Amino acid sequence: MPLPIDPTQTFDLVLQTDAAKPEPERAVFRFRYLSARELLRVAPIGDATGEELHKLPPAEIVQQLFDALRLNLVEMRNVPPARDLEDMLTTSEAWELYWQARRQTRLEVAEKNDSGSPLSSAGEGSATAAPDAPSAPTQ
């Protein structure tokens with residue numbers, strides 16, 4: 001089953017500031033994998049250059065960041081009940097979770113693809129490797 005639609009495929013993230021704390025005191029954020037369409041929705045805020053971000057009002061940047069986190073956050077453990085993310089995290093912590101989640105998604109997909117199982121049936125509907133580009137002539 002594809003990762004984004006399999007409810008059992010999740011990963012836990014912990015903020016660096018909480019990593020050394022004992023389990024009952026460590027805030028744990030459980031995320032699910034994003035589909036390609038969902039990644040297209042959340043990628044712009046992380047991929048924006050400093051110049052592009054300076055053109056946006058700070059409130060809009062923060063709103064987009066937290067909206068991106070909420071899109072694939074499925075559970076929080078060891079946090080006070082009924083707290084919104086904006087009331088619980090600093091913007092630096094939100095960025096940390098955002099980038100951890102994007103990295104984790106890439107790692108897990110790569111590991112799943114390296115598992116030895118074929119990605120598609122051999123030769124049927126799979127892309128073939130492009131031929132090497134000719135090298136530039138030397139003079």
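Is it the case that Thr10 is closer than 17 Å to Thr91 by Cβ and among the polar types (S, T, N, Q)? Explain how you work it out, then say what you get.
On the way: closer than 17 Å to Thr91 by Cβ: no; among the polar types (S, T, N, Q): yes.
When the stated conditions are applied, Thr10 does not pass them.
Going by the conditions given, is Pro7 loosely packed, with under 14 Cβ neighbours inside 10 Å and closer than 20 Å to Arg103 by Cβ? It is false that Pro7 is loosely packed, with under 14 Cβ neighbours inside 10 Å and closer than 20 Å to Arg103 by Cβ.
Please verify whether segment 37-45 includes one or more residues that are part of a loop (DSSP other than H, G, I, E, B) and either hydroxyl-bearing (Ser, Thr, Tyr) or out of contact with any Ser or Thr (no Cβ under 8 Å at 6 or more places or on another chain) (or both). So far as segment 37-45 goes, no, none of its residues is part of a loop (DSSP other than H, G, I, E, B) and either hydroxyl-bearing (Ser, Thr, Tyr) or out of contact with any Ser or Thr (no Cβ under 8 Å at 6 or more places or on another chain) (or both).
Taking Ser120, is it loosely packed, with under 13 Cβ neighbours inside 10 Å, small (Gly, Ala, Ser) and at pLDDT 90 or above? No: the conditions fail for Ser120.
Can you pull out the residues in segment 24-52 that are of a type outside the set (A, V, I, L, M) and either in contact with a helix residue (DSSP H, G or I) (Cβ under 6 Å, 6 or more places away or on another chain) or surrounded by 10 or more Cβ atoms within 10 Å (Cβ to Cβ) (or both)?
Of the residues in segment 24-52, the ones of a type outside the set (A, V, I, L, M) are 24-26, 29-33, 35, 37-38, 41, 44, 46-47, 49-52.
Matches in segment 24-52: Arg26, Phe29, Arg30, Phe31, Arg32, Tyr33, Ser35, Glu38, Arg41, Pro44, Gly46, Glu52.
For segment 81-106: of the residues being aliphatic (A, V, I, L, M) and assigned to a helix (DSSP H, G or I), which is farthest from Ala68 (Cα to Cα)? Of everything passing the filter in segment 81-106, Met88 is farthest from Ala68 (Cα to Cα). Considering segment 62-89, the residues that are of a type in the set (A, V, I, L, M, F, W, C) and within 21 Å of Ala36 (Cα to Cα) include one that is surrounded by the fewest Cβ atoms within 10 Å (Cβ to Cβ), namely Val74. Restricting attention to segment 80-117, and to residues there that are hydrophobic (A, V, I, L, M, F, W, C) and modelled with pLDDT of 80 or more, which single residue is nearest to Leu53 (Cα to Cα)? Step by step, filter segment 80-117, then rank; the result is Trp95.
The values are calculated or read from the model by the stated rules, or taken from the named source; none is laboratory data. Small disclaimer: the values here were computed from a predicted structure and weren't measured. Note: ideal-geometry Cβ built from the backbone for every residue, glycine included; neighbour counts use all protein chains shown.
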